[in-house]
Structures are given as structure tokens and as C-alpha cells.
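Since every read-out is calculated from the coordinates, none of them should be taken as a lab result. Remember, it's a predicted structure, so these values are computed and weren't measured experimentally. Methodologically, a virtual Cβ is constructed for each residue, glycine included, from the backbone with ideal geometry; neighbour enumeration extends over all protein chains shown.
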Amino acid sequence: MAEYDVDLFVIGAGSGGVRAARVAAGHGARVMIAEEYRVGGTCVIRGCVPKKLLVYASRFSHEFEDAAGFGWTVSGAKFDWPTLIANKDKEIARLEAAYHANLARASVEIAESRAVVEDARTLRLLKTGARVHAETILLANGAHPVLPLIPGAEHAITSNEAFQLAELPRRSFTAATRSCAASTTTSASTCAQRWWGGGSRSFSARPSPRSKSKRMHCRRCSRTASITPPIR
């Protein structure tokens, strides 16, 4: 019988990878999980959770306005973007620590490194060069946003960077249909409209029925533009 260092090796400590590692360890398996960035994955670190925090923050603007009709007097309310981002980062750090603690309680070994699969049973940790032999390898590395190959894309950012902007944009333009990008832009737009009178334009990409181009439709001014992605 072959001898392995671990029964299960998981690449990617996001929600799926962490859950799989904990369940397997709970059944007695020896488990190691590798993560090159932060434990928690897209949802916790740069997706659902920070997005919701920004959405919650934006809603207070409307609450302040509605409060007057219910007998409340709200004066002197101010919004500070750096404070919101700092507190968002604190909450993300708290959740990441909880993920670390849950893995530790399940006796899952964490390798803070990028892992490369060398063969069906061998992985190499790039940080140390160490090789790990695993009976089973689970790929839970997820995905990352990619900018489209169109002129001017080098001036754009993805939802990843949007969560770390040093200043609240007075205006923004979003070409997206996914929840993180759309919700983040909507939150920033609401705050900008409240304090600066600015706002954002939200565009959605949808396929043209007769070609491979995509039509970008502005919901505010109803203008439409077409872009044809390069053939890969």
C-alpha cells in the first residue's frame, strides 16, 4: 500500500475548499489545505461579504431622509469613506481569523503558499519547495476577474480593486452584470449622490442576437454601444 503524507490535499481555502477540508477531517482524514492569499476566498475577502457591508452603508442615506417623516430629527450626519473601508477591513480580518480557527479545531494543516500539482499524487509548495504526497487532490482554487480585451481596458479596475479605493469616486461607469460589481457600484453611487450630487452609470453586457459582439446598454440615457471581443 502506498504511503502518503495526507489523505486529502485541498488547493484553495475559500468557502468550498474550507468546508471540504473540515468535513473530511471530521471523518478522520489527514488533511492539508493550501492558500496563497487569504483564508476565506472570494466570498469572504473580496466578494459577498464586503459587498454587503458597502450596500448596508449606502442604505443609511435613505434612512436619514425617511426618519423625518417618523418624528426623528437627524442633523449633522456625515459620511466618511475611509472609515467605512477601515471598518470593512476589520470585519474581513475577524472572519478570516474565524476560518483559521475552524480549520485548526478540525486539525487541518494550513500551507500559506501556492501549490502546484506535479502528478496525480504529488504537489509542490512554491513558498518552500516542499513536496507533499496526497492520496486525493481537490482543486478548489476558484476564479478571478479578467478585464476585457478592448481599447482602454488598461484604465479600468475590477471589483477586487473597488473594495480598496482610497477615495469615494464622484462618478463611476460599470460594465457588468455580476452581483459584486453591480452592487458595489450602486453603493458608491448612492453615497456619492448623497454627499456630492454625483453618481454612476451602470451598463450591462448582453449578446447581440446576430453576431458575437456585445451590446452595452445604459439604463440612464438609453444609449447603446457595441463591442466585438477578439477571437481567442
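The length gained by stretching the chain between Ala106 and Ala77 to full extension, at 0.36 nm per residue less their Cα-Cα distance, is 5.9 nm.
Each principal axis of the Cα cloud of the stretch 1-115 was evaluated for its coordinate range; sorted largest first, these ranges are 75, 25, 17 Å. Distances between placed amide hydrogens fall under 5 Å for Arg114 paired with Leu126, Lys127, all partners being 5 or more residues away or on another chain. Using a Förster distance of 35 angstrom, determine the FRET efficiency expected from the C-beta separation of Phe64 and Lys90, and round it to 0.05. Between Phe64 and Lys90 the formula returns 0.90.
As a calculated quantity, the FRET efficiency between Val117 and Tyr56 at R0 = 45 Å, using C-beta atoms, amounts to about 0.70.
Highest mean first, the peptides 85-98, 39-52 sorted by other C-beta atoms within 10 Å per residue fall in the order 39-52, 85-98. Taking the three principal axes of the alpha carbon atoms in the stretch 12-67, the coordinate ranges are 55, 23, 10 Å, sorted in descending order. Remark: the stretch 86-93, residue by residue, has Karplus-estimated 3J(HN,Hα) of 5, 5, 4, 5, 5, 5, 5, 4 Hz, where x stands for each Gly or Pro and the curve is 6.51 cos²θ - 1.76 cosθ + 1.60 at θ = phi - 60°.
Principal axis analysis of the Cα atoms in the stretch 52-184 yields extents of 66, 47, 23 Å, listed in decreasing size.
If R0 is 25 Å, the Cβ-Cβ spacing of Asn160 and Tyr4 corresponds to a FRET efficiency of close to 0.10.
Loop-resident chymotrypsin sites (Phe, Trp or Tyr not before Pro) (DSSP state other than H, G, I, E or B) in the stretch 1-100 with no more than 13 further Cβ atoms inside 10 Å of their Cβ: Trp72.
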